[in-house]
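Okay, so here's the structure we're looking at.
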Amino acid sequence: MTPQIPLSEVQTLWLKELGISMLWGQALVPYEPEIAQSASEPSFQVVQEDSASSSNNNAVALIKRSSPEGKTKAGRVSRKQEQAIQEIYQGFQKQRNRQRRAQSEVTSIPVVHAQNWTDLEIEIRHQYKQWQWVNDEKEVLIGQEGKSPLDLLIIEEMPGADDYVEGTVFSGETGVLLANILAPLGISKEDVAITSLLKIHLRDETLPSQYEQALPYLQAQIALLKPKCIWLLGARAAQPILKQENGSMDVLRGQEWFYPLSDDIQIPVVVSHHPSLLLIHQGLKADMWEDVQKINAYLSE
């Protein structure tokens, strides 16, 4: 007889949809109890309580409910199995979230109508709400406009989770580090423009189509700001903007890039590691300093 895993038919279907056919080395089939039950009662695996099982710390109660006759049925699985099931639930929920975001996406790239920063901010917030990317328009972080005429525009992939506390991008420890990086250039963090490709912090996996939808609003920001130099922080920010879907950081940093503002104006672009990585990998400081020198050269022209 094939060993069975104590999973319901619904759980089994979820697992198979996720491409899982084996679990804990056993065949994945719905559990069918050997004890006959009425059609109105759900099927649960029953484990007899004894002195050994009641003292077993590796077992936790999964289901406990009273039958119409007043009897109690208890289903039990090991802690390891319960944790695995919870992970399966979470994976399935993420998959549903991605599907829901995909279904809510528009089929065409949005057309930007705003002619100034304030109107653009309103338009972006409204569109993100229409796409159902946010529940509240206040969740959208546009960034800072900087000082005009603008020397440097800094772009990252998305705001950090901590940025919502301050209500602005590049806050906290990463913001302090960015200010220290800009200091040798004689530039204040308040004088540069800072924004992101996505104006919200996404906890789940980002869909490529979301970058495509958000890109026109970033392009509108660039057109309004007209910076002398663009600084892209992180591969995930650089890839969609430079149309280099699979470009590695080494390739992105090693080439010279220009953003076509118009037929006559090409804005130099520098790609770097995100400063947050420097807080973890001190060895990247040399790469960052090299990139800062490139920016300084462009701004000095």
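Just checking, how many residues over region 176-205 are hydrophobic (A, V, I, L, M, F, W, C) and part of a strand (DSSP E or B)? Of the residues in region 176-205, 2 are hydrophobic (A, V, I, L, M, F, W, C) and part of a strand (DSSP E or B).
Just one of the numbered conditions (1) surrounded by 14 or more Cβ atoms within 10 Å (Cβ to Cβ); (2) of a type in the set (F, W, Y); (3) over 24 Å from Y128 (Cβ atoms) is not true of F258: (1).
Can you confirm whether region 140-153 contains a residue that is modelled with pLDDT under 90, of a type in the set (D, E) and in a loop (DSSP other than H, G, I, E, B)? No, every residue in region 140-153 fails to be modelled with pLDDT under 90, of a type in the set (D, E) and in a loop (DSSP other than H, G, I, E, B). In this structure, is Q239 in the same structural domain as S209 (by TED's automatic domain parsing), among the polar types (S, T, N, Q) and touching a Gly at 6+ places or on another chain (Cβ under 6 Å)? The answer is yes for Q239. Residue check: is S272 in contact with a helix residue (DSSP H, G or I) (Cβ under 8 Å, 6 or more places away or on another chain), within 28 Å of N180 (Cβ to Cβ), of a type in the set (G, A, S) and touching a residue at least 24 places away in the same chain (Cβ under 8 Å)? Judged against the criteria, S272 is a match. For region 146-162, the set of residues classified as crowded, with 17+ Cβ neighbours inside 10 Å and either polar (S, T, N, Q) or touching a strand residue (DSSP E or B) at 6+ places or on another chain (Cβ under 9 Å) (or both) consists of G146, L150, D151, L152, L153, I154, I155, E156, E157, M158, P159, listed by residue number. Going by what's in this entry, would G143 be described as in the same structural domain as D291 (by TED's automatic domain parsing) and within 30 Å of E256 (Cβ to Cβ)? Here the answer is yes, as G143 does meet what is asked.
The values are calculated or read from the model by the stated rules, or taken from the named source; none is laboratory data. Keep in mind that this is a model prediction, so the values were computed, not measured. Ideal geometry is used to build each Cβ from the backbone, glycine not excepted, and the neighbour counts take in all protein chains shown.
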